[in-house]
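Inspection log for the structure reproduced underneath, given as structure tokens.
The values are calculated or read from the model by the stated rules, or taken from the named source; none is laboratory data. What you see is a predicted model, and the numbers here were worked out from it, not measured in a lab. Heads up, the Cβs are rebuilt from the backbone with ideal geometry, glycines too, and the neighbour counts pull from every protein chain shown.
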Amino acid sequence: MQEFSTFDMIIVGISVVLGLKGLFKGFIKEVFGLVGIIGGIFIASRLSETVGNLIKPLIGIDSNATLSLIGFVVTLIGFWILVYIAGSILSKMSEMSGLGALNRLFGFVFGTAKIFLIISVIFYALYQIQSFKASLDKKLANSTVFPLLVETGGFIVKLDTSKFLPSNEEVTKEEPVVETTKENKDETKKDVESGTNIDKEEVKPEATPKKETLGDKIIQSTSDAVQKVKETGTEIIKDTLTKPANEEK
């Protein structure tokens, strides 16, 4: 608990101490300084894409992300310069009118508010980063000031950070080539596999002739000899039977 209350006191203390500069600058300068910075962020975050497209012909850049970022910076700086000049002129006019003391008192109030709003924008930007967000949620869970900082910063900065990143089309310009190559490889692999299967079906291994052994030769010779003996015996029997018949005639 002490850690979180310390954080709150530090934020308030920084805002007040830096706001003391408003006593010397005066109310008008602080108001215009506040409008120049916070108003510049407010407007630039909403017009960055439009301004980027307007200056596109002048700088010759086609990246939407780069154009949006340049448009944001140009709008912020341009708005701040205009407001600063106007504030300086009005501040000199107020000093000449005899409102110096009141001008400095309100300058302190607005100076403190300006610092607080700037801190709000910083913490809101950090809170959009996932790694910082988890850490801030954990360490500042019981803080009273931190939720107010994030809420205030979110109101001021209406900024789509994805516009400052390359679009999917810009990042993946060469991806179709890679995908096509991958598809071609897959098709080639399928064709090779199909051809291999066809070859396996068409080219059948020829029957390997059985090698004749010595035992097989002996058996074959014996069979041939027995067959000849049978044939010879059959002829002898036929001759024996036919001879008596011929003699009787």
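For the structure I just gave you, tell me whether Val35 is more than 30 Å from the chain's Cα centre (by Cα) and among the β-branched types (Val, Ile, Thr). Against the criterion (more than 30 Å from the chain's Cα centre (by Cα) and among the β-branched types (Val, Ile, Thr)), Val35 qualifies.
Scanning region 114-155 for residues that are in a loop (DSSP other than H, G, I, E, B) and either surrounded by 12 or more Cβ atoms within 10 Å (Cβ to Cβ) or not aliphatic (A, V, I, L, M) (or both) gives Gln128, Ile129, Leu140, Asn142, Ser143, Thr144. Looking for something modelled with pLDDT of 90 or more, surrounded by fewer than 17 Cβ atoms within 10 Å (Cβ to Cβ), closer than 22 Å to Asn103 by Cα and in contact with a helix residue (DSSP H, G or I) (Cβ under 9 Å, 6 or more places away or on another chain) - is there at least one such residue anywhere in region 36-56? Among the residues of region 36-56, not one is modelled with pLDDT of 90 or more, surrounded by fewer than 17 Cβ atoms within 10 Å (Cβ to Cβ), closer than 22 Å to Asn103 by Cα and in contact with a helix residue (DSSP H, G or I) (Cβ under 9 Å, 6 or more places away or on another chain), which makes the answer no.
In the set (1) crowded, with 20+ Cβ neighbours inside 10 Å; (2) within 30 Å of Lys138 (Cβ to Cβ); (3) among the β-branched types (Val, Ile, Thr), the condition left unmet by Thr75 is number (2).
Summed over region 43-92, residues that are free of Cβ contacts under 8 Å to residues at least 60 places away in the same chain and more than 33 Å from the chain's Cα centre (by Cα) total 13.
Yes or no: Met9 surrounded by fewer than 20 Cβ atoms within 10 Å (Cβ to Cβ), out of contact with any Phe, Trp or Tyr (no Cβ under 7 Å at 6 or more places or on another chain), closer than 30 Å to Pro147 by Cβ and at pLDDT below 80? Judged against the criteria, Met9 is not a match. Does Ala101 satisfy the criteria of being closer than 25 Å to Glu30 by Cβ and surrounded by 14 or more Cβ atoms within 10 Å (Cβ to Cβ)? Criteria not met by Ala101. Taken as a whole, the condition of being surrounded by 14 or more Cβ atoms within 10 Å (Cβ to Cβ) and closer than 20 Å to Val157 by Cβ does not apply to Phe27.
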